[in-house]
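A short worksheet on the structure shown next.
Quick note: the coordinates plus some simple rules give every number you see, no bench work behind them. On a predicted model such as this, the values are computed, not experimentally measured, just so you know. Virtual Cβ from ideal backbone geometry, glycine too; neighbours counted across all protein chains shown.
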Amino acid sequence: MVFKQLILTPAELTPLVDKALALGASYGEAAFHRVKGFQIILMNGSPITASYTLSEGVRVRVIAEGSLGFSSTDSLEKHDVIDAVEKAVKHAKTTANLLSKSIKMSDERLGRARYEASAREDPEERGGEDLFKLAVELYKSIDLSRYKVNINSFLLGLSYSIEEKSLATSDGGLIESRIPRLEVFYSITASSEGSSANRWQQIGGSGGLELIDELGVVQAIEDDLRSLELYLRNAKTPPKGRMDVVLGPEVVGLAMHESIGHPSEADRVLGREAAQAGLSYRRRIKPGEKIGSDLVTVIDDPTIPGSYGFYLYDDEAVPARPRYLILRGVLNEYLHNRETAAIMGTHSNGSARTMAWWSEPIIRMANTYMAPGDYSLEELIEDVKEGVYIKKYMEWNIDDYRWVARYVGFEAYKIRNGRLEEPVRNPALEVNTREFFSSIDAVGSDLRFYAGTCGKGEPAQGVPVWMGGPSIRLRGVMIK
Amino acid sequence: MLWELAEASARRLKDRFDEYEVIVGNEREIMLKLANGEPSVTQSWNRYTITLYVTKNGKIFQTSLSSTSPGEVFEKLDTILATLSPSPLYAPLPEPTGQDYENTDERIVEIVESGDLSRVSEALELDQAGNWAGTIRLAREERVLVNSNKASLHGERTLFNGYMRVFADEDSSGQWSWTSTMYRPDIAKKAIGAAARLAEECASLPKKKIESRNYRVLLSPMVAGNLLEIVARSASGGAILFGFSFFKKEDLETRVASEKLTILDKPRDRELPGYSLFDDEGVATRDKPVIEKGVLKNILHNSKTAKLFGAKTTGNAGLLMPEPFNLDVAPGDLKDDEMLEVLGDGLYITNNWYTRFQNYPEGLFSTVARDAVIVVERGKPIGCTSRVRIADSMKRLLSNIEGVGASLWQIQWWEVSTPTRLPHILVSDARITSE
């Protein structure tokens with residue numbers, strides 16, 4: 001056995017594509033995908049484990065006889081890679097007789113480019129040794145004695161990853177990329193006066209160790225400890241029924257992702273994910289139809305520098321660009337890859353992403369957010385007679401048609417006569433998508449982004465995304 | 001190749017650390033994905049994984065690699081370990097009591113190796129598929145474990161599982177899954193048939209809106225499988241330690257559910273794909289109750305969580321987190337044709353997803369129904385609704401289990417990752433919200 005390091009460049013992948021064509025494929029792509037990184041997890045300030053991760057391999061995807069085949073291997077031995085090419089073609093041909101229509105890729109101006117996200121403090125150069133010191137320093141900088149709750153467990157994870165990809169397609173796409181990312185994860189379980197609660201959060205972006213400061217990790221943890229204290233010691237039963245609700249950027253970002261981003265994925269609209277992530281209300285409500293107030297514009301933009309979902313070319317070599325999913329309250333474009341674009345007679349907008357060498361490119365969001373308005377938080381609240389302000393959430397879910405969502409407040413307050421009053425515990429906003437977006441009558445200027453790992457596909461793929469928005473005001477929605 | 005990789009890795013760790021362990025796995029897998037009644041893609045994987053675990057003076061480093069070229073990690077181990085402090089989780093690697101196993105079906109191996117799914121598509125009559133969406137998956141999994149305690153173990157198993165969502169129309173669907181270590185087209189067809197019957201039943205009934213209130217609910221094995229997997233995972237020492245559980249250490253040997261409920265972790269069940277005779281520490285697995293007649297009988301441990309709980313490992317490692325292998329819920333006496341009658345007035349919830357907790361320690365959660373939700377009055381279906389939520393406390397839900405079905409299904413899909421054999425479950429007074 002030889003232990004070796006190897007990166008396959010697009011030029012080295014091209015013979016694999018040629019091989020697929022020679023075997024009868026009408027389209028072929030081959031990619032090398034490596035994610036390596038380091039993670040440290042502290043429990044109550046002590047390291048419970050440190051781990052290094054390396055995931056690398058080759059994937060091959062083809063269309064043969066109008067059918068799609070995919071095969072992948074993390075053995076980079078020549079015979080295993082060739083076997084993957086042969087299997088991809090064989091898979092496609094085997095099921096071709098069951099198809100009523102041929103699968104095609106849309107014609108696109110594909111990229112031939114190399115790009116990388118910058119990291120001022122490149123984690124790979126500093127290595128895992130520094131990460132442990134940073135994690136301990138991070139933990140020690142938080143004065144837990146300031147909070148009047150018992151901390152039962154405090155799990156703090158700090159990790160970086162370097163994602164390197166190269167891609168060659170049979171119609172000329174040649175892309176190489178390198179994206180470093182940093183992620184902080186924490187989960188705090190606390191108790192007070194006979195009740196317990198847990199808060200977990202993920203913070204991340206593309207870049208280096210400088211993100212710990214830039215993304216305000218310490219401030220976020222301290223703010224969550226204060227929220228736990230409020231939840232456990234001060235929060236009262238929330239009001240119920242129809243009322244005005246002000247939502248903070250954390251909740252709004254999630255709602256953009258769940259209620260607008262996912263249903264805009266064209267593969268869901270076409271039924272390709274029906275048994276997994278589900279369908280979409282956009283099967284019935286078409287582009288050009290009104291879904292929200294004029295104040296609502298929702299964008300998915302992979303090109304935001306420093307973002308967790310950053311990329312400049314997608315995993316089909318299509319250039320990335322901002323996608324306007326809702327424009328002034330009207331449903332606009334879908335998120336497309338080349339397959340769905342071909343079916344709908346349009347062009348891909350660069351939404352195909354893969355998690356790893358073993359995953360097929362499918363339609364994914366990148367950084368989904370609501371465009372900000374010009375209200376301050378105080379102005380949003382001062383016009384509410386009776387209502388609730390939900391700043392943070394813990395529980396959420398949405399049905400598989402992406403129509404009725406539920407967001408349960410973690411840090412939340414009662415609003416009376418334009419003023420914030422006592423904290424309330426677990427107010428549950430349950431609302432359908434049209435009602436949510438139509439009831440928005442004011443949009444704040446405080447746009448913020450939150451990191452997440454979005455799951456989709458089979459086998460399930462988790463990709464890094466940002467979810468963002470400003471504070472907003474909803475009139476007359478149901479709190480349960 | 002696995003032994004070669006494991007031994008080459010072990011040689012590079014030997015004498016440098018107090019303890020080491022290497023687990024090398026290879027998974028060869030093929031999956032057909034269907035949508036709109038046709039194949040959307042056929043995928044296959046040849047995946048090698050190498051897990052390295054080393055300790056020195058109570059410090060722990062572990063790594064999971066999906067690669068056959070892990071060269072640089074070996075160079076970094078000493079430097080990284082030198083910077084760490086001892087782990088509060090550290091416990092010595094236990095005696096390797098596990099045994100080799102082989103639980104494979106040659107028919108699955110042949111299909112996986114050839115990459116040819118035509119035999120499966122013929123058996124399941126995919127050319128006759130209606131509006132189906134789902135996946136069919138076959139895999140052969142092999143692994144080798146060696147460690148500094150002289151463990152030298154080999155395991156090999158196969159699996160055949162999948163799930164199908166069948167649409168009668170846009171608003172009427174059913175979904176069901178199957179899983180086995182053997183090539184069992186019969187259980188796949190039975191599952192697809194169950195999904196089709198639910199879709200047809202929903203389509204034949206008037207669509208109903210229901211109000212938010214408490215209901216008696218009959219949970220299909222798909223729904224009960226999702227919720228009871230969470231219950232079993234909440235009984236992991238790791239989940240309790242890290243705050244992701246509504247159980248406490250003190251709950252052991254206390255009543256946590258209705259006496260109707262018995263859940264076992266059965267790693268030695270040859271029919272379920274989690275089958276294994278050794279865990280990730282090389283310890284022999286054993287079948288054991290998690291909850292027996294409503295009483296929490298076992299917290300699942302590896303050697304690390306066992307040390308912190310003052311207990312013994314249950315053979316459920318996970319090097320970091322203890323986990324169940326296969327779940328088996330004991331059947332009750334509710335016969336299939338009596339279940340709606342016993343339900344009386346209530347809801348038959350046939351599938352769900354997106355289970356999320358508002359508060360882990362207190363067990364507050366909600367989950368969203370998908371596919372058919374049959375509205376039942378006086379034991380008869382009178383309508384079909386969908387996308388309602390169970391928004392309740394897991395503790396209440398477990399206490400309110402009133403009946404358990406007699407027929408068992410083997411389930412594993414997106415929302416039930418642990419292979420689970422279980423029946424329908426009847427729950428009273430469940431809090432349901434609806435639009």
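For the pair A:Lys133 and B:Phe74, what calculated FRET efficiency results from E = 1/(1 + (r/R0)^6), where r is the Cβ-Cβ distance and R0 = 30 Å, to the nearest 0.05?
0.85
Please say if segment A:10-234 is rounded, prolate or oblate, where rounded means a/c under 1.5 for a ≥ b ≥ c the square roots of the C-alpha gyration tensor eigenvalues, and otherwise the choice is prolate for a/b larger than b/c and oblate otherwise?
Here segment A:10-234 falls in the prolate category.
I want to make sure I understand the PRE zone here: with the label point 7 angstrom from the Cα of A:Asn44 toward its beta carbon, which residues in segment B:75-89 have backbone N atoms less than 11 Å away?
Those under the cut-off are B:88-89.
Rounded, prolate or oblate: pick one for chain B, where a ≥ b ≥ c are the square roots of the eigenvalues of its C-alpha gyration tensor, a/c under 1.5 means rounded, and failing that, prolate if a/b is larger than b/c, else oblate.
Oblate is the answer for chain B, as a/c is 1.5 or above yet b/c matches or exceeds a/b.
Given a Förster radius of 45 Å and the C-beta distance between B:Asp345 and B:Arg270 as r, what FRET efficiency does 1/(1 + (r/R0)^6) yield to the nearest 0.05?
About 0.60, to the nearest 0.05.
Determine which aspartates and glutamates satisfy two conditions relative to B:Lys248: a Cα distance under 12 Å, and not lying fewer than 8 residues away in the same chain.
Straight-distance partners of B:Lys248: B:Glu362.
Going by a 4.7 Å Cβ-Cβ cut-off, which cysteines of the protein assembly as shown have no partner at all?
Within the protein assembly as shown, the cysteines lacking a partner Cβ under 4.7 Å are A:Cys454.
Evaluate the distance, in nm, between pseudo-label points positioned 7 Å from the Cα of A:Ser445 and of A:Glu421 along their respective Cα→Cβ axes.
3.0 nm
Only Cα pairs under 8 Å and at least 6 apart count here; give the relative contact order of chain B as a rounded whole percent.
16 percent
Using θ = phi - 60° and the Karplus curve 6.51 cos²θ - 1.76 cosθ + 1.60, what whole-Hz ³J(HN,Hα) does each residue of segment A:224-233 get, with Gly and Pro shown as x?
6, 5, 5, 5, 4, 4, 4, 4, 7, 10
Plugging the Kirkwood radius over Cα pairs into Stokes-Einstein for the protein assembly as shown, at a temperature of 20 °C and a viscosity of 1.002 mPa s, what D comes out in µm²/s?
Here the translational diffusion coefficient equals 76 µm²/s.
May I ask you to list the aspartates and glutamates whose Cα is less than 20 Å away from that of B:Lys150, ignoring any residue fewer than eight positions away on the same chain?
Excluding near neighbours in sequence, the set is B:Glu4, B:Glu7, B:Asp15, B:Asp18, B:Glu19, B:Glu21, B:Glu95, B:Asp100, B:Glu142, B:Asp279, B:Asp280, B:Glu281.
Which whole-number percentage describes the relative contact order of segment B:151-264, with Cα contacts under 8 Å and a sequence gap of 6 or more?
With pairs under 8 Å counted, the relative contact order is 18 percent.
Cross-link partners among lysines for A:Lys236, C-alpha distance below 18 Å, same-chain residues fewer than 8 apart left out?
A:Lys148, A:Lys391, A:Lys392, A:Lys414, A:Lys480
On full extension of the chain, what length is gained from B:Glu125 through B:Asn149, given 0.36 nm per residue of separation minus the C-alpha to C-alpha distance?
Taking B:Glu125 through B:Asn149 to full extension adds about 3.6 nm, to one decimal.
Report the charge-dipole magnitude of segment B:254-303 in Debye, nearest 20, computed about the Cα centre from +1 at each Lys and Arg Cβ and -1 at each Asp and Glu Cβ.
Values: 9 positive and 9 negative charges, 60 e Å.
Here the size comes out at about 280 debye.
Subtract the Cα-Cα distance of A:Ser153 and A:Lys286 from 0.36 nm times their separation in residues, and report this length gain in nm to one decimal.
43.1 nm
Taking the Cβ-Cβ separation of A:Glu435 and A:Arg233 as r and a Förster radius of 41 Å, what is the calculated FRET efficiency to the nearest 0.05?
Approximately 0.75, to the nearest 0.05.
Taking GluC sites (Glu not before Pro) that fall in a DSSP loop and have at most 14 other Cβ atoms within 10 Å as cut points, what is the longest piece of chain A between them?
Here the longest segment lacking exposed loop sites spans A:290-480.
Considering only lysines 8 or more places apart in sequence, or on different chains, count the pairs in segment A:1-104 whose C-alpha atoms sit under 24 Å apart.
Count of close lysine pairs: 17.
Any of A:Lys140/B:Lys307; B:Lys249/B:Lys395; B:Lys189/B:Lys260 with alpha carbons more than 19 Å apart? Name them for me.
Pairs exceeding the cut-off: A:Lys140/B:Lys307; B:Lys189/B:Lys260.
Quick check: residue separation of A:Val218 and A:Asp374 times 0.36 nm, minus the Cα distance between them. What number comes out in nm?
The span from A:Val218 to A:Asp374 would gain 53.3 nm if fully extended.
Could you work out how far apart the two model spin labels at B:Asp287 and B:Asp337 are, taking each label as a point 7 Å from the Cα in the direction of the beta carbon, and quote it in nm?
3.0 nm
Once both labels are modelled 7 Å past Cα along the beta-carbon direction, what's the A:Arg109-B:Ala8 spacing in nm?
4.6 nm
Pairs of alpha-carbon atoms within less than 8 angstrom and 6+ residues apart define the contacts here; what relative contact order does chain A have, in percent?
Relative contact order of chain A: 16 percent.
How many times 2.2 N^0.38 Å is the alpha carbon radius of gyration of segment B:305-435?
On the way: Rg = 17.0 Å, N = 131, 2.2 N^0.38 = 14.0 Å.
It is 1.21.
Which shape class applies to segment B:2-204: rounded if a/c is under 1.5, otherwise prolate when a/b exceeds b/c and oblate if not, where a ≥ b ≥ c are the square roots of the Cα gyration tensor eigenvalues?
Details: a/c = 2.91, a/b = 2.44, b/c = 1.19.
In terms of gyration-tensor shape, prolate.
May I ask for the angle, rounded to the nearest 10°, between helix A:123-140 and the longest principal axis of chain A, with both axes built from Cα atoms and the value confined to 0 to 90°?
That helix lies at roughly 20 degrees to the long axis.
Using θ = phi - 60° and the Karplus curve 6.51 cos²θ - 1.76 cosθ + 1.60, what whole-Hz ³J(HN,Hα) does each residue of segment B:152-162 get, with Gly and Pro shown as x?
After applying 6.51 cos²θ - 1.76 cosθ + 1.60, I find 8, 10, 9, x, 8, 8, 10, 8, 9, 9, x Hz.
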